[in-house]
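I have placed the structure first, in the form of structure tokens, so that the comments after it can refer back to it.
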Amino acid sequence: MKKRVICAALASFLLLTGCAGPASSVVETTEAPTEAATEEMTEAETEAVTEAEVPELPGYTLLWNDEFNGDALDETIWNYEPHEPGWTNEELQEYTTSTDNVFLRDGNLVIKAIRSEKDGKDYYTSGKVTAQNKKDFTYGKVVARAKVPAGQGLWPAIWMMPQDEQHYGQWPKCGEIDIMEVLGSRLTTAYGTLHYGAPHAEQQGVYELESGTFADDFHEYSVEWEPGEMRWYIDGNLYHTVNDWFTAEEGEDEKPYPAPFDQPFFVQMNLAVGGTWPGNPDETTDFDKAEFEIDYVRVYQKPEYDTNVTKPEKNYREADETGNFVYNGDFAEAEALDDEENWYFLLFEGGEGAAEIKDNTMIISSTNEGTVDYSVQLVQPALPMIKGKKYRLTFDAWADEERDIITCVDAPTAGWIRYLADTTLTVTTEKQTFTYDFEMKDKDDPNGRLEFNLGHRGSTATVYIQNVRLEEVVE
């Protein structure tokens, strides 16, 4: 149950008018009104108590909010948005208008995924609600407190889309602001993402809990949307900032910045089941507990915003004195591999292993190959990719026993397109030199990323890599 935060003047309010004092006049009490007093409270008095629960934010005015303290979804704020299974992202659920899937309980909005059977197969229903055409706004701070469900294939989200998707064109040209996404199979990780452009581009921030999971308790997720910058927070901690988006029709000039994020957007929330990102549910997924709980949604705005903004210039990495765009490609420095500086090592989806630099060699050992190619992954980001230029990737590699690995150069902030396609190569116990040439044919990108993927290859044999170079080929 929510704590009741009651205005210091509430006692006199019950006899006279309302509580509308500043934040300093708000006090917290653990003493709830008696049952008789509660029954006698008028609708206006109840609204005043609800309003007193919403804190003021310095520099902002509360634009609208929903504390979900009623008995049913407030349809002056929210719409149900039903959809058939497979509507997007190959998701399995049917979004319904049923109160079995969307309901209020104990001061929270609950979006519940339900597994049943239809035509002899598992059938899933869930809920999606939107504030489109009811609470659209341009610029502001969205704050939501929520608790996510645990379970393979469950995918809760709080996100925003434009009120008029056709203003700049269909997704992704119209833009999308993902305030929070958590996968039920990765409960220590939350994502905040901006989608935009044509070609599709995205910039994603990742927040890792130091202890516990996002399913253990409620956490507060927020985004500050301003004309020239967006900032993502979890529990008040800033973890992602973006200020260099764009949108355009394919092959045409970009629209004036800050398009597409200069138009009214609306908040929406849903609990998806399955799909291309989280994968489908399995026998471990407990649908009795498949509930996405939202404590409140609050939208604040500043009195005014400066819309005279310019897009910042992009910074492109310079090659080293040998012409190599890969920093520490000779592994002369035994750098840390967990700080996203030059080389860093990642594990996903069941991958287990470790990496170290020793004797000018990157050594990657695996104890579990995981379920996807990138379950065990070594990367270097911030590689400058310029349209029309040709590049050559070279490196030496071998392994304790013959096995496959995958390499590529991709675009984490440009829709994960490949500049060098995913390339499977076989490494043996003998050191070999591998060479791959490719031409950059896409939009200039200061954030190309070199990957070595060792997951899901049928082997956990240790891999050794030396002398990694990415250089421009001048003809």
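The values are calculated or read from the model by the stated rules, or taken from the named source; none is laboratory data. No experiment lies behind these values; they were computed from the predicted model shown. Every residue, glycine among them, receives a Cβ derived from its backbone with ideal geometry; neighbour counts consider all protein chains shown.
Tabulated data for the structure shown
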quantity	calculated
Residues within region 85-101 that are in contact (Cβ under 8 Å) with a residue 60 or more places away in the chain, part of a loop (DSSP other than H, G, I, E, B) and surrounded by 15 or more Cβ atoms within 10 Å (Cβ to Cβ), tallied	2
Residue within region 354-373 that is in contact with a Pro (Cβ under 9 Å, 6 or more places away or on another chain) and farther than 30 Å from ASP106 by Cα present	no
Hey, THR213 modelled with pLDDT of 95 or more, β-branched (Val, Ile, Thr), surrounded by fewer than 21 Cβ atoms within 10 Å (Cβ to Cβ) and touching a Gly at 6+ places or on another chain (Cβ under 9 Å) or not	no
Residue tally, condition acidic (Asp, Glu), touching a strand residue (DSSP E or B) at 6+ places or on another chain (Cβ under 6 Å) and farther than 14 Å from VAL379 by Cα, over region 434-471	4
Candidate set: region 357-372, residues that are in contact with a strand residue (DSSP E or B) (Cβ under 7 Å, 6 or more places away or on another chain) and more than 17 Å from PHE395 (Cα to Cα); chosen: the one surrounded by the fewest Cβ atoms within 10 Å (Cβ to Cβ)	THR367
Residue count, region 382-402 (criterion: more than 22 Å from ASN360 (Cβ to Cβ) and not small (Gly, Ala, Ser))	9
Enumeration of residues in region 70-97 that are more than 26 Å from TRP225 (Cβ to Cβ) and out of contact with any Phe, Trp or Tyr (no Cβ under 9 Å at 6 or more places or on another chain)	GLY70, ASP71, GLY86, GLU90
Which listed residue, of LEU238, LEU271, is exposed (fewer than 15 other Cβ atoms within 10 Å of the Cβ) and of a type in the set (A, V, I, L, M, F, W, C)	LEU238
Test set (1) under 28 Å from the mean Cα position of the chain (by Cα); (2) surrounded by fewer than 19 Cβ atoms within 10 Å (Cβ to Cβ); (3) modelled with pLDDT of 95 or more - TRP416 fails condition number	(3)
Condition broken by THR125, with the remaining ones in (1) among the polar types (S, T, N, Q); (2) surrounded by fewer than 21 Cβ atoms within 10 Å (Cβ to Cβ); (3) assigned to a strand (DSSP E or B) satisfied	(2)
Those residues of region 64-84 which are surrounded by 15 or more Cβ atoms within 10 Å (Cβ to Cβ) and of a type in the set (A, V, I, L, M, F, W, C), in sequence order	TRP64, PHE68, LEU73, ILE77, TRP78
